[in-house]
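Engineer: Let me begin by handing over the structure; questions about it come next.
The values are calculated or read from the model by the stated rules, or taken from the named source; none is laboratory data. Given the structure is predicted, the values throughout are model-derived calculations rather than measurements. FYI the Cβ positions are ideal-geometry reconstructions off the backbone, even for glycines, and counts take in every protein chain you see. Note: accessible area is taken over every heavy atom of the protein model, side chains too, but ligands, DNA and RNA are not part of it. Shrake-Rupley method; radii C 1.70, N 1.55, O 1.52, S 1.80 Å.
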Amino acid sequence: GMVNMTLRMELDRDAEWKQIFEEAWKYQRDYFYDRNMHGRDWQQVYKEYAPLIPYVKHRTDLTYIIDQLGGETSVGHSFVFGGDFPALDTSRVGVLGADLVAVNGRWRIKRIYTTESWNPGVVAPLAQPNMRVKEGDYILAINGQPLTANDDPYRLLNGLAKLQTVLSINNKAATDGSWTITIQPIEPEASLRQLAWIEDNRRKVDELSKGKLAYVWVPNTGGSGFNNFNRFYFAQQDKLGAVIDERYNGGGLLDDYMVDLMVRRLRAAITNEVPDGAPLKLPAGILGPKVLLINELAGSGGDFFPWIFRQQKVGPLIGTRTWGGLVKSSVHYGFTDGGAMTAPDNAIFDPRENKWVGENMGIAPDIEQKITAQAASKGRDLQLEKGVEEALKLLEKEPMPVIKKPPYSTPTKRN
């Protein structure tokens, strides 16, 4: 039957930390993709770092040493994770999905972030139906506590994430005539702001190109990146060309699926059963010219994406050089205290040119365009603007062919 017992263990931290260090050194030795360790004498590395271990007095000290140990391989995907740390109390600060600015001694709502009503994964607290609040209004109090510009509004929102909260609102910086609304702050609001960034960019591309170009952001090369690409790419098939944006791409898989779709050109057309309807194009997608925006915060799969985009001659790369990490990030097993580190075990190379791809170099743009602080302060995205400019140039050189159905056949006369 079941036996109830309480087990206790006496843990020798010094011995555990020494064992983890030894394991980390062996782990790199056994799993790193280059048996020559990028030219580093791995036994000499051990001799340099091992004398530090007796002086480790906290897991953070050990993490630092293991991080330096991994850094000796000079590889992009060199990371150390977790470990046995004490549990800490956390506070769930609620956020409103809005930009607040101090005006007239109060906090004024500069922008309310909206969302897609059909998407339950992204919530906009101040953009709910029948919510009596708009941009330009002031928040005068939170749960009855007065709020002035001298206060931090997030201090009053501390602990209120996902809890009903009452805001006092007015269209002026005074309490007379104010009213209350009940909302549910969220935690966090990154997805809401990200969606706004995407939509702002899409609208800007549409405006600058006078409706000719699509905008598609690819956040990573994993499942969510594919979903985002499929959603925005195929929803804009009426556009003549596209600005594809992989800036801040977080990586994931080695994508050639999206690039394979973008390299396709017009093959056939189908008549439309709708009266006077335009013929349908084959294959599906945006068949005109494309450009790809890149930056230094796109890496891993975000390095391979622009490399294969260029190799397949889809279009020019615009922006700044990518991160440069194309030796695969791998964690085969963890340490005894639950921590882990990477031992990159597979590298990407070009079999035609017999060259390694991207590692410690990144993918350079064809047209370099940096973001300046002056332009950003004015709300301008110079890389996005350059992308539109270059895509329109390509569109002039490669306009979409006019699709006209051929004349219907007529029966031949019999003699």
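Engineer: Those residues that are open to solvent by 50 Å² or more (accessible area, probe 1.4 Å), assigned to a loop (DSSP other than H, G, I, E, B) and touching a residue at least 12 places away in the same chain (Cβ under 8 Å), I need them from region 83-114; list them, please.
Structural biologist: Of everything in region 83-114, those that are open to solvent by 50 Å² or more (accessible area, probe 1.4 Å), assigned to a loop (DSSP other than H, G, I, E, B) and touching a residue at least 12 places away in the same chain (Cβ under 8 Å) turn out to be ASP84, PHE85, SER91, ARG92, ASN104, THR114.
Engineer: Also, quick follow-up: Pick from ALA298, ALA284: which is outside any helix (DSSP H, G or I), open to solvent by less than 70 Å² (accessible area, probe 1.4 Å) and modelled with pLDDT under 95?
Structural biologist: Step by step, each of ALA298, ALA284 is checked, and only ALA284 is outside any helix (DSSP H, G or I), open to solvent by less than 70 Å² (accessible area, probe 1.4 Å) and modelled with pLDDT under 95.
Engineer: Identify the residue in region 5-51 that is closer than 24 Å to THR73 by Cβ and not in a helix (DSSP H, G or I) and, among all such residues, is least open to solvent (accessible area, probe 1.4 Å).
Structural biologist: The selected residue is PHE32.
Engineer: Any idea how many residues of region 217-247 are over 14 Å from ILE294 (Cα atoms), in a loop (DSSP other than H, G, I, E, B) and in contact with a strand residue (DSSP E or B) (Cβ under 8 Å, 6 or more places away or on another chain)?
Structural biologist: The total comes to 5.
Engineer: Hey, another quick one. Working only within region 1-52, note down all residues that are touching a residue at least 24 places away in the same chain (Cβ under 8 Å), hydroxyl-bearing (Ser, Thr, Tyr) and within 18 Å of ASP67 (Cβ to Cβ).
Structural biologist: Selection gives TYR27, TYR31, TYR49.
Engineer: So for region 369-377 (the condition being in contact with a strand residue (DSSP E or B) (Cβ under 6 Å, 6 or more places away or on another chain) and either over 16 Å from VAL291 (Cβ atoms) or in contact (Cβ under 8 Å) with a residue 12 or more places away in the chain (or both)), does at least one residue qualify?
Structural biologist: yes
Engineer: Still on this structure, I have one more. Need the failing condition index for MET2 against (1) open to solvent by 60 Å² or more (accessible area, probe 1.4 Å); (2) modelled with pLDDT of 95 or more; (3) over 20 Å from GLY76 (Cβ atoms), just the number.
Structural biologist: Looking at each condition in turn, MET2 falls short on (2).
Engineer: As an exercise: evaluate MET262 against (1) at pLDDT below 95; (2) surrounded by 20 or more Cβ atoms within 10 Å (Cβ to Cβ) and give the number of the one condition it does not meet.
Structural biologist: (1)
Engineer: Something else now. Given (1) surrounded by 13 or more Cβ atoms within 10 Å (Cβ to Cβ); (2) more than 22 Å from the chain's Cα centre (by Cα); (3) at pLDDT 95 or above, identify the lone condition not met by MET400.
Structural biologist: The number of the failed condition is (3).
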